[in-house]
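What follows is one structure encoded as C-alpha cells, with my remarks underneath.
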Amino acid sequence: MLDLVEFPPATLLAAAQVFFALCIGHAVADFPLQGEYLAIGKNRRFLLRLADPARPASIWVACMGAHCLIHAGMVWIITGSALLALIEFALHCLIDIAKCEGVTGFNTDQLLHLACKALYVAAAWFGWLA
C-alpha cells in the first residue's frame, strides 16, 4: 500500500526486504503502539489479579482486539494484502492469548510472531496468495 517494498517479492533480496519491513512493523506495533493500557488490558489473568474496578477483566477482549487490529493494519500497510492482514489478526490473537494465559513466555511469543512474518513472505514467494 505504501509501495515501500516489492510484494509479492520476485527476488530473494525483495523477500528479505519484505521480511525486514514486517519485523520493523511488528516492533513498532508491539512496543510503542501498544502502550501500557493495551498491554495490561489484553491480559485477562492479570486483570483478574488486579481487581481494579476501573479496569474490569471484561475489557481484555476489546484490548486484545485493538492490539491485534494494529498488527493486522501494519501487515496490510506493508504488504497491501487484506488476506495476510486477516491471518495476522487471527494468529496474533492466538499467540498473545497463549502468552497472557501463561502457556508461553515473552521470548517464545516474539519468536512465533516473527515466524509468522517469515511464513507470510514464504507464502508470497511461492505464489500461495494469488
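From the list [x] 1.18; [y] 1.05; [z] 1.12, can you say which value of Cα Rg over 2.2 N^0.38 Å was derived from the structure given?
Matching the structure shown: [z].
What is the magnitude of the charge dipole of the chain about its Cα centre, with +1 placed on the Cβ of each Lys and Arg, -1 on the Cβ of each Asp and Glu, and no other charges, expressed in debye to the nearest 20?
Working: 7 positive and 9 negative charges, 76 e Å.
Charge dipole, the chain, about its Cα centre: 360 debye, nearest 20.
Just want to confirm a number: the relative contact order over the chain, from Cα pairs under 8 angstrom separated by 6+ residues, in percent.
On the way: 147 pairs, mean separation 39.3, N = 130.
About 30 percent, as a whole number.
With a 10 Å Cβ neighbour count serving as the proxy for reagent exposure, in which order, fewest first, do Leu47, Leu94 appear?
On the way: Leu47 20, Leu94 12.
In order of increasing Cβ crowding within 10 Å: Leu94, Leu47.
Give me the percent relative contact order of region 22-71, please, defined on Cα pairs under 8 angstrom at least 6 residues apart. Mind dumping the intermediate values first?
Numbers: 41 pairs, mean separation 21.0, N = 50.
Relative contact order comes out at 42 percent.
We did not get these values from a lab; they are worked out from the coordinates using the rules stated. Nothing here was measured: the structure is a model prediction, and the numbers come from that model. Using ideal geometry, Cβ is built from the backbone for each residue, glycine included, and neighbour counts are taken over all protein chains shown.
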